[in-house]
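Enquirer: Take a look at the following structure, please.
What follows draws every value from the coordinates through simple rules; no lab data is involved. In this text, all values refer to a predicted model and were calculated from it rather than measured experimentally. A quick note on method: Cβ atoms are made from the backbone with ideal geometry, for glycine too, and the neighbour counts reach across all protein chains shown.
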Amino acid sequence: MLQGQQLFSGSRVPPGLRYMVLSAFSFSLMTLFVKLVGQRLPTTEIVLVRGVVTLIFSYALLRGSGIRHLGHNKIGLLMRGVAGSAALMCVYYAVTKLPLAEATVIQYTNPVLTALLATVYLHESMNRREVASTLLSLSGVLVIARPGFLFGGGAEGLALIPVAIALLGAVLSAIAYVTVRKLSQTEHPLVIVFYFPLVSTFGVLPLAAPTAVWPTWTEWVMLIAGVGLTAQAGQVFLTKGLQLEPAGRAMTMSYLQIPFAALWGLLFLDEYPDVFTFAGAALVLAGSVLLSRSKGKSAAPIPE
């Protein structure tokens, strides 16, 4: 795999942030397909199929690269897998049980949580521009989603348990991302990616088996290609991005998933963006541009 510095050399946008943009794009596609297949299939089954698909591809990439797949910090790698798998269960459940906008905005509290956890456990600092970009992007997310439990008028339409699970997913995602950042000091990104589906596949299997529903051919395509392959791409880009940029800066770029989601809603779900969606997207993009111009501390080179 090419080093980020080589792949994006000559670009004014730091390589790590470029990877995070690609990650947001991939994950936005994944979320769209989760929403579609989740209308009939259980959440655990979606997580299991995603785990199997990404496990196969992750292992193939490791074998092809000649990298020792067991890694060095096995406890840390397992912790990353457990936190990421639990977060995935929460996020997928929220996407299928809550309106997509509300579920997304709750999940997108995780970049702020990631930055806060990184300052405590990784001793990373955030300058004023990075703090401003985070607040600007978060404001854009709130304007787009306008969740009823914050803006009023529709709070009774949200079930308490799915909201709580979505919030738990955001916390677990932040823990997983900070763990990735820490592991990048000793582990190759492909090893970190490999442990995620390894843990999720074998951890979710006992939960998925009792409630499994045999997918239709269309659902199989959406599960394998729409969810599994886009998740694999997003995870690789995410890990590379977190290796090249401080956690707070890198994760703020993930807000770009919101305007991507608005586009997919327009094209495939007959969801037409209103003035609030366009205003929020502008804030998200402004925050991302501001962040990309911030001169934060570069991350350590990717270990071979």
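Enquirer: Please go through the residue pairs LYS74/LYS182; LYS35/LYS97; LYS35/LYS182 and name each one whose alpha carbons sit more than 20 Å apart in this structure. Walk me through the numbers on the way to the answer.
Expert: Values: LYS74/LYS182 13 Å; LYS35/LYS97 9 Å; LYS35/LYS182 32 Å.
From the list (LYS74/LYS182; LYS35/LYS97; LYS35/LYS182), the Cα-Cα distance tops 20 Å for LYS35/LYS182.
Enquirer: Sticking with this one: Determine, for MET30, MET253, the number of other Cβ atoms within 10 Å of each Cβ, and report the residues in order from fewest to most.
Expert: Details: MET30 24, MET253 29.
Fewest-to-most ranking of MET30, MET253: MET30, MET253.
Enquirer: Same structure, new question: So for each of 36-45, 257-266 I average, over its residues, the number of other beta carbons within 10 Å; can you give me the resulting order with the highest mean first?
Expert: Details: 36-45: 18.8, 257-266: 20.5.
Descending packing order for the listed peptides: 257-266, 36-45.
Enquirer: At a Förster distance of 25 Å, what's the computed FRET efficiency of ILE75 paired with HIS123, Cβ-Cβ distance as r, to 0.05? Don't skip to the end; give the middle numbers.
Expert: Values: r = 21 Å, r/R0 = 0.82.
Plugging the Cβ-Cβ distance into 1/(1 + (r/R0)^6) gives 0.75.
Enquirer: In what sequence do SER85, SER173 fall when counting other Cβ within 10 Å, fewest first? Write out the running numbers ahead of the final one.
Expert: On the way: SER85 23, SER173 26.
Fewest-to-most Cβ neighbours within 10 Å comes out as SER85, SER173.
Enquirer: Taking the highest mean first, how do the peptides 205-218, 127-140 order by number of other beta carbon atoms within 10 angstrom per residue? Let's see the in-between values first.
Expert: Working: 205-218: 11.9, 127-140: 18.4.
The peptides rank, most packed first, as 127-140, 205-218.
Enquirer: As an exercise, use a Förster radius of 51 Å and the Cβ-Cβ distance of VAL213 and LEU116 to find the FRET efficiency, rounded to the nearest 0.05. Intermediate results must be reported in sequence, preceding the final value.
Expert: Values: r = 39 Å, r/R0 = 0.77.
It comes to 0.85.
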